[in-house]
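**Student:** Quick one: structure below, then a few questions.
The values are calculated or read from the model by the stated rules, or taken from the named source; none is laboratory data. Because the structure is predicted, anything quoted here is derived from the model rather than measured. Backbone-built Cβ (ideal geometry, glycine too); neighbour counts: all protein chains shown. Ligands, DNA and RNA are excluded from the accessible area calculation, which covers all protein heavy atoms including side chains. Shrake-Rupley method; radii C 1.70, N 1.55, O 1.52, S 1.80 Å.
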Amino acid sequence: MLTLRQLRQFLVVAETMNIRKAAERLHMAQPPLTKAIRQMEEALGTRLFERTNRITALTPAGNVLQKEAVTTLMQMERSMLLTRRAGQGMTGALRIGFVATAVRHLLPEMIARFHFSFPQVVLELNEMTTARQVASLLDDSLDVGIAVLPVPEYAIQKLSYHRFFNCPLIAVLPNKHPAAASGALSLSALAEEPWILFPEQEGPGLYRSIIETCEKEGFMPEVVQRAVQMETIVGLVASGLGVSLVPEFMQKSGWVNVSFCPLSGEQIPYQVALIHKPENTNPYVADFVRNAVPLQPYVPT
């Protein structure tokens with residue numbers, strides 16, 4: 001059985017890859033630290049570090065322990081925090097992930113509504129991409145997500161969905177672009193343009209919808225810049241680096257040096273939903289769903 005002290009020692013050594021530096025940071029001598037690492041390896045029956053005359057890398061087992069140790073220590077800190085708060089009369093907590101586009105349009109009213117009904121519940125808010133929310137929901141490090149649909153295919157049947165809104169994506173162009181004043185724009189009109197998109201791994205469902213629609217129009221977009229947040233994408237377009245697609249409500253954000261154009265032809269939906277794992281045992285998940293209105297039932301296809 002490994003102790004929390006051993007896990008902390010291991011993480012410092014894994015971060016520094018140097019026993020001397022790790023010992024200095026831990027305010028201890030090198031020999032006891034070296035002994036502690038060897039005792040961990042003996043207890044686990046495997047090496048945690050690759051060594052020559054010094055530590056050179058984590059072994060595959062060491063990489064696993066590093067991830068698990070971080071999770072364990074975070075959970076312990078959270079347990080201590082919640083226990084202290086319970087002692088102060090503040091009971092319960094809800095871990096909420098959200099995409100950045102929810103901050104202006106959904107989150108303030110949603111949080112205020114829930115907090116009014118359940119003032120004793122501590123809300124732990126984390127801005128996260130859809131993909132990271134899904135991973136955190138499935139490994140039980142998050143209770144509720146406010147994400148962009150569709151979620152990654154591997155998780156579709158593992159989550160419950162409650163849709164907030166559905167609006168189309170529209171084109172955003174630099175003001176000086178020839179098509180900026182043309183009104184509705186066909187997607188194929190942007191076939192030869194440099195594109196700015198979010199990384200596929202951060203929102204694979206929406207990314208796939210964009211690429212598939214472009215392919216139907218006879219082209220594959222040339223992505224020259226990537227940015228995670230929609231606000232950043234619009235800013236890069238304003239700098240003249242390319243064109244992109246963003247949710248329709250972004251045209252109300254007061255940007256200058258860009259033009260927003262609706263798309264003619266097939267529309268690409270931008271859907272934001274509250275998602276959670278049905279097996280989650282946090283009793284406040286159901287309360288949060290009930291308070292987060294308006295909601296629409298959503299069945300993934």
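**Student:** Name the residue that is nearest to the chain's Cα centre (by Cα), counting only residues in the range 181-202 that are closer than 22 Å to Gly235 by Cβ, touching a residue at least 12 places away in the same chain (Cβ under 8 Å) and open to solvent by 40 Å² or more (accessible area, probe 1.4 Å).
**Tutor:** Across the range 181-202, the extreme among qualifying residues is Gln201.
**Student:** Condition first: free of Cβ contacts under 8 Å to residues at least 40 places away in the same chain and either open to solvent by less than 70 Å² (accessible area, probe 1.4 Å) or within 30 Å of Ala131 (Cβ to Cβ) (or both). Can you find one or more residues in the range 95-103 that meet it?
**Tutor:** Scanning the range 95-103, I find at least one residue that is free of Cβ contacts under 8 Å to residues at least 40 places away in the same chain and either open to solvent by less than 70 Å² (accessible area, probe 1.4 Å) or within 30 Å of Ala131 (Cβ to Cβ) (or both), so the answer is yes.
**Student:** One residue is enough: does the range 216-228 have a residue meeting the conditions part of a helix (DSSP H, G or I) and of a type in the set (S, T, N, Q)?
**Tutor:** No, that holds for no residue.
**Student:** Can you find a residue that is closer than 30 Å to Leu137 by Cα and either of a type in the set (D, E, K, R) or touching a residue at least 40 places away in the same chain (Cβ under 8 Å) (or both) anywhere in the range 211-223?
**Tutor:** Scanning the range 211-223, I find at least one residue that is closer than 30 Å to Leu137 by Cα and either of a type in the set (D, E, K, R) or touching a residue at least 40 places away in the same chain (Cβ under 8 Å) (or both), so the answer is yes.
**Student:** Looking at Ala286, Ala273, Ala227, can you tell me which residue is within 27 Å of Ala135 (Cα to Cα), among the aliphatic types (A, V, I, L, M) and buried (at least 21 other Cβ atoms within 10 Å of the Cβ)?
**Tutor:** Ala273 is the lone residue from the list that is within 27 Å of Ala135 (Cα to Cα), among the aliphatic types (A, V, I, L, M) and buried (at least 21 other Cβ atoms within 10 Å of the Cβ).
**Student:** On the basis of being of a type in the set (A, V, I, L, M), surrounded by fewer than 12 Cβ atoms within 10 Å (Cβ to Cβ) and assigned to a loop (DSSP other than H, G, I, E, B), does Met80 make the cut?
**Tutor:** Criteria not met by Met80.
**Student:** Output the residues belonging to the range 265-286 that are of a type in the set (S, T, N, Q) and in a strand (DSSP E or B).
**Tutor:** Across the range 265-286, the qualifying residue is only Gln271.
**Student:** Only one of these conditions is not met by Gln133: (1) at pLDDT below 90; (2) open to solvent by less than 10 Å² (accessible area, probe 1.4 Å). Which number is it?
**Tutor:** Among (1) at pLDDT below 90; (2) open to solvent by less than 10 Å² (accessible area, probe 1.4 Å), Gln133 violates only (1).
**Student:** Please indicate, with yes or no, whether at least one residue in the range 236-253 is open to solvent by 80 Å² or more (accessible area, probe 1.4 Å) and either in a helix (DSSP H, G or I) or closer than 25 Å to Pro108 by Cα (or both).
**Tutor:** yes
**Student:** Scan the range 247-276 and report the pairs whose first residue is within 18 Å of Leu197 (Cβ to Cβ) and of a type outside the set (A, V, I, L, M) and whose second residue is modelled with pLDDT under 90 and assigned to a loop (DSSP other than H, G, I, E, B), with Cβ atoms within less than 8 Å and a gap of 6+ or a chain change.
**Tutor:** Once the first residue is within 18 Å of Leu197 (Cβ to Cβ) and of a type outside the set (A, V, I, L, M) and sits in the range 247-276, its partners that are modelled with pLDDT under 90 and assigned to a loop (DSSP other than H, G, I, E, B) give Pro247/Thr101; Cys261/Ala179; Cys261/Ala180; Cys261/Ser182; Cys261/Gly183; Cys261/Ala184; Gln271/Tyr298.
**Student:** Which is touching a residue at least 12 places away in the same chain (Cβ under 8 Å) and in contact with a Phe, Trp or Tyr (Cβ under 8 Å, 6 or more places away or on another chain), of Leu125, Leu138, Leu159?
**Tutor:** None of the others qualify; the one that does is Leu125.
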